[in-house]
Amino acid sequence: MAAADGETNHGSGKLEFSLDVPFPSSREAVIALRSLSPDREPRKGGISKHLTVSGSTLSVRWSADEARILRVSVTSFLDHLSLVTETMEMFGSPAPQ
């Protein structure tokens, strides 16, 4: 798992954070994306999260107005990601379709 340092976008004043999570296969990365995408941020404003898959890597990008909001969102996401990966490990690699 690779995380980019939190940075401030000086143009907008927003804090930004990026996370790249490698998976054994692109199929598992897509399963993780589909499992994690429905979770919208509880606040209407102040933060945005964008998930994408490239090959077997799930990439997540956050942009937030405040460090506290960003921290809570990233922590919550990591908790959910942990649950998704543990579930995939428990049930084994998905069968190709």
| How much length, in nm to one decimal, is gained on full extension between M90 and S25, taken as 0.36 nm per residue of separation minus their Cα-Cα distance? | 21.8 nm
| What length, rounded to one decimal in nm, is gained on full extension from S54 through to E66, with 0.36 nm per residue of separation minus their alpha-carbon distance? | 1.5 nm
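Just so you know, all these numbers are worked out from the coordinates, no wet-lab data involved. This structure is a prediction, so every number in the text was calculated from the model and none was measured.
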